[in-house]
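S.K.: Before I ask anything, let me first share the structure, which is written out below as structure tokens.
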Amino acid sequence: METLPYYLTSITIAILLTLIINLFFSAINNRSNIESKKLPPSPPSLPIVGHLHLLKRPLHRGLAAITDHHGPVLLLRLGSRPVLVVASRGAAEQCFSAANDVAFANRPLLPSMKYLTHDYTTLAFANYGPLWRNLRRIATAEVLSTHRLTACAAFRTEEVRGIARRIFSDWNANKNDESSSFTKVEMKSRLFDLALNVMMRMIAGRKYTFSQGEGVGGSEAAKRFREMVEETFLLADSASNLGDFLPMLRWFDIGAHYTLYCPSTAVLTPSLSTAGAMETLPYYLTSITIAILLTLIINLFFSAINNRSNIESKKLPPSPPSLPIVGHLHLLKRPLHRGLAAITDHHGPVLLLRLGSRPVLVVASRGAAEQCFSAANDVAFANRPRLPSMKYLTHDYTTLAFANYGPLWRNLRRIATAEVLSTHRLTACAAFRTEEVRGIARRIFSDWNANKNDESSSFTKVEMKSRLFDLALNVMMRMIAGRKYTFSQGEGVGGSEAAKRFREMVEETFLLADSASNLGDFLPMLRWFDIGGAEKRMRKLLKEREELSQKIVDEKRRESEEEIKKEQTMIGDLLESQKQDPDFYTDETIKALAFSLLSAGTDTTSNTIEWAMSLLLNNPEVLRKAATEIDVRVGTDRLVEESDIANLPYLRCVFTETLRLYPGGPLLVPHESATELTIANYTVPQGTMLLVNAYAIHRDPAVWREPTKFKPERFEAGREEKGWMIPFGMGRRRCPGEGLATREASLLLATMIQCFEWKRVGEEEVDMTEGMGLTLPKALPLEALVRPRPNMIDLLSKL
Ligand code: HEM
């Protein structure tokens, strides 16, 4: 295990100091910077708070005063967030021109809006993408189309006349026999009720939800609803929550959450009601902001000291002593699953770490992991953390593996299962897998033939990693696109430049997705500086991925309709659906889904097979036993088939034992809690990232006998150890590719064992060092010596 150099506290502190100095200098250099980079002009700003201190309320008037003074297009810095302010027709038109409209179609993910917008999934706050497109399509088709509006004209007339009737009856009641007298009426609530009744009748058919009688007007429920809407807009005021702009303040819930629960505080309400006059918001005053920051820093120091007592009073999970600002980041070592195992071994199996600003629950026991994914908690833990570094690679968190639990994820998962991973589809594609597996056997045999130097008993050295990756890639490509032609015209992808680059891209994706490799995910201030260049690398990777996936989609689109229908591939079927519903089945959605499956289904499977073969080479007696089972149950007259696997129990034990020792996702994929919950009698706060250490659980000496030993026998019937494993995760986010991975890996292993004799390259054992990333690669690619088994040469030469 290595300590991550950039997690070393001294370096981290040095970085933070550099940052603060940078911030000061950035204020001084602001103007020259703007000129050299051609950024929009920007009034002089202060360190850290930027232009926050200039804002006055109401915001539209406050900003008008600033643009009147400094020009109609300004770039402000509200804390850490750059904000373009536009106050001229020309610039506004450019923002929404055909060229720029899509680029500006996102909404900022203001942390304070996370709750009110159901994690940014509502129509008005979702980012531009498939989810928003779907919601917008439904809203238009179901409520706002001209057709629907015309159909509902009668409702509106009725409601408007209802107001007229009620005003008339109020006047009648108050006129005191003076038919020319006036009556005072309050209009605000009547007008709100009109709008509410019209909307309710259009979306739900009636207004009875609020009142049984005349209408919602005046009912307590309607009044409360009006207050709720007003409160929502008040809280959504673009600059009312300081934590949206100064990330550090979020830890302390200053302003933002407080206003969520105490909406009528003096901070917000009075200033809005003084419609004419502009007021400076008290908490935007620089002196107070600086006081808050100082309090914060002092708080951080005290929080380190008070950590333990806090934990006891709140019943939070235990937490090792932490440092201010970095929290427990300095404790992490790599590879992360081993680093975390060392921490849980020492401090207990359920820990709450603070990685910079992010609370992280680390679980390394069966009991606690079962509770995380129990019926009661699984939904609450079904979200993924929105690690800023993953924004690009996950298309703004909209891919199958990284979307939050909700309608978009459900839809993607349904498509992936129905189109590719259902038992029906897997069975239909068995021939592809057999063909690809036998292709590997044929190529190994021909390499041996070419190198054997007339010595039919000699061994040939083969490199397995790239062959196994190409197998997994070809299988996935054929299942989702029908062929592997995108990568090579000839024999297969093996060795082609494009396939090699694809492998590098997948490996890089998982390396960059390593749950704790990007410091900016945990120390928000560092994001401005992209330390380590992760963000830059991701953008480059994304561009390449986009081009490749577009090529796959375009090639499929060029095929005739009959071909597409006949082949029944995922991309073909989705292109057909695109014709019916182009708003949801966009090219973007199809490409993202294709790439999700290509990456999730390749590296994981090929790594597992590589570990299995390495374990067999280091344990020749297990290899011999597996070969004997195949000889007895399949024989040597024919090649093993996928349907034989059920009849090879020892081989299945080998596969299971491999996944125990080397689970393909050692920390699963990180989850995040959508609500506060209880795990192992501890309170786990909402928004906590969850890392379940499957690697540690699979090697827990309290559960497994000789836990680090490769013993497939432990799973044999009769002497089964009652161990508990989660190599594919658990609950709703469980891996949907288990069936495919099991069939593919088992067939490949069975074929390699049946056809060839295997030996290590030297006397030494195969190196079993683990690499890094979200998946579990071998640090060194597997090489082995191979020769065909004499009684299989005939069959192999006919392949
Ligand atoms: C031995 C091979 C494999 C292993 C060990 C493995 C393991 C895992 C694990 C641990 C997770 C995370 C579960 C969680 O979040 O708790 C996962 C998710 C996933 N896996 Fe696999 N996997 C393998 C093969 C495959 C294959 C062949 C596919 C097919 C395309 C696939 C597709 C996915 C997808 C799409 C997800 C994300 C699911 C979601 O977030 O809803 N995996 N896998």
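The values are calculated or read from the model by the stated rules, or taken from the named source; none is laboratory data. This is a predicted model, so every value here is computed, not measured. We place every Cβ from the backbone using ideal geometry, glycine too, and count neighbours over all the protein chains shown. Surface accessibility is based on the protein's heavy atoms, side chains included, excluding ligands, DNA and RNA. Shrake-Rupley method; radii C 1.70, N 1.55, O 1.52, S 1.80 Å.
S.K.: Any residue at all in region 445-455 that is touching a Cys at 6+ places or on another chain (Cβ under 9 Å) and in the same structural domain as MET613 (by the TED database)? Spell out the reasoning first.
M.R.: Our first condition is that a residue be touching a Cys at 6+ places or on another chain (Cβ under 9 Å); within region 445-455, this holds for 445.
Now drop any that are not in the same structural domain as MET613 (by the TED database), which leaves 445.
For region 445-455, residues touching a Cys at 6+ places or on another chain (Cβ under 9 Å) and in the same structural domain as MET613 (by the TED database): present.
Yes/no per residue for (1) open to solvent by less than 60 Å² (accessible area, probe 1.4 Å); (2) of a type outside the set (Ser, Thr, Tyr); (3) at pLDDT 85 or above:
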{"site": "PRO130", "(1), (2), (3)": "yes, yes, no"}
{"site": "ASN134", "(1), (2), (3)": "yes, yes, no"}
{"site": "HIS147", "(1), (2), (3)": "no, yes, no"}
{"site": "ARG156", "(1), (2), (3)": "no, yes, yes"}
{"site": "GLU159", "(1), (2), (3)": "yes, yes, yes"}
{"site": "ARG166", "(1), (2), (3)": "no, yes, yes"}
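S.K.: Could I ask something else about it? Identify, from the list ARG638, ARG624, the residue that is free of Cβ contacts under 8 Å to residues at least 12 places away in the same chain, over 30 Å from SER596 (Cα atoms), assigned by the TED database to the domain that holds TYR397 and charged (D, E, K, R). Walk me through how you get there before you give the answer.
M.R.: Working: ARG638 fails: free of Cβ contacts under 8 Å to residues at least 12 places away in the same chain.
None of the other options fit; the residue is ARG624.
S.K.: Of all residues in region 342-393, which are open to solvent by 40 Å² or more (accessible area, probe 1.4 Å), among the hydrophobic types (A, V, I, L, M, F, W, C) and within 30 Å of THR589 (Cα to Cα)?
M.R.: The one that is open to solvent by 40 Å² or more (accessible area, probe 1.4 Å), among the hydrophobic types (A, V, I, L, M, F, W, C) and within 30 Å of THR589 (Cα to Cα): VAL379.
S.K.: On to the next question. So which of GLU770, GLU783, GLU744, GLU738 ends up being closer than 26 Å to PHE510 by Cα, surrounded by fewer than 22 Cβ atoms within 10 Å (Cβ to Cβ) and within 12 Å of the ligand (Cβ to nearest atom)?
M.R.: From the options GLU770, GLU783, GLU744, GLU738, the qualifying one is GLU738.
S.K.: Moving on to the next point. Hey, can you tell me all the residues within region 69-84 that are open to solvent by less than 70 Å² (accessible area, probe 1.4 Å), of a type outside the set (S, T, N, Q) and within 31 Å of the chain's Cα centre (by Cα)? Full working, then the answer.
M.R.: Restricting attention to region 69-84, the residues satisfying the condition of being open to solvent by less than 70 Å² (accessible area, probe 1.4 Å) are 71-81, 83.
Narrowing the set further to residues that are of a type outside the set (S, T, N, Q) leaves 71-79, 81, 83.
Selection gives LEU75, LEU76, ARG77, LEU78, GLY79, ARG81, VAL83.
S.K.: Do you know which of the residues in region 485-519 that are within 16 Å of the ligand (Cβ to nearest atom) and open to solvent by 20 Å² or more (accessible area, probe 1.4 Å) is modelled with the lowest pLDDT?
M.R.: The selected residue is PHE510.
S.K.: Still on this structure: Only one residue in THR140, THR157 is part of a helix (DSSP H, G or I), more than 30 Å from LEU408 (Cα to Cα), without any contact (Cβ under 8 Å) to a residue 24 or more places away in the chain and among the hydroxyl-bearing types (Ser, Thr, Tyr). Which one? Quick ask: steps written out before the conclusion?
M.R.: Values: THR140 fails: more than 30 Å from LEU408 (Cα to Cα).
It is THR157.
S.K.: Exactly one of these conditions fails for LEU598: (1) of a type outside the set (S, T, N, Q); (2) within 10 Å of the ligand (Cβ to nearest atom); (3) open to solvent by 20 Å² or more (accessible area, probe 1.4 Å). Give me its number.
M.R.: Among (1) of a type outside the set (S, T, N, Q); (2) within 10 Å of the ligand (Cβ to nearest atom); (3) open to solvent by 20 Å² or more (accessible area, probe 1.4 Å), LEU598 violates only (3).
S.K.: OK, next. Can you tell me which residues in region 384-410 are touching a residue at least 40 places away in the same chain (Cβ under 8 Å), among the polar types (S, T, N, Q) and more than 9 Å from the ligand (Cβ to nearest atom)?
M.R.: Matches in region 384-410: SER389, THR398, ASN404.
S.K.: A further question on this structure: Among the candidates ARG442, ARG414, which residue alone is within 16 Å of the ligand (Cβ to nearest atom) and open to solvent by 60 Å² or more (accessible area, probe 1.4 Å)?
M.R.: On the way: ARG442 fails: within 16 Å of the ligand (Cβ to nearest atom).
Sole residue among the options that is within 16 Å of the ligand (Cβ to nearest atom) and open to solvent by 60 Å² or more (accessible area, probe 1.4 Å): ARG414.
S.K.: What residue, among those in region 174-191 that are outside any loop (DSSP other than H, G, I, E, B) and modelled with pLDDT of 85 or more, is least open to solvent (accessible area, probe 1.4 Å)?
M.R.: Keep residues of region 174-191 that are outside any loop (DSSP other than H, G, I, E, B), which gives 174, 188-191.
After this cut, where a residue has to be modelled with pLDDT of 85 or more as well, the list is 188, 190-191.
Details: LYS188: 131, ARG190: 51, LEU191: 91 Å².
Restricting to residues being outside any loop (DSSP other than H, G, I, E, B) and modelled with pLDDT of 85 or more, the top hit is ARG190.
S.K.: Also, quick follow-up: Can you pull out every residue in region 360-383 that is away from the ligand (no atom under 14 Å from the Cβ) and within 17 Å of PHE728 (Cβ to Cβ)?
M.R.: The answer is ARG366, and nothing else.
S.K.: All but one of (1) closer than 29 Å to THR569 by Cβ; (2) within 14 Å of the ligand (Cβ to nearest atom) hold for MET613; state the number of the condition that does not hold.
M.R.: Result: MET613 passes all but (1).
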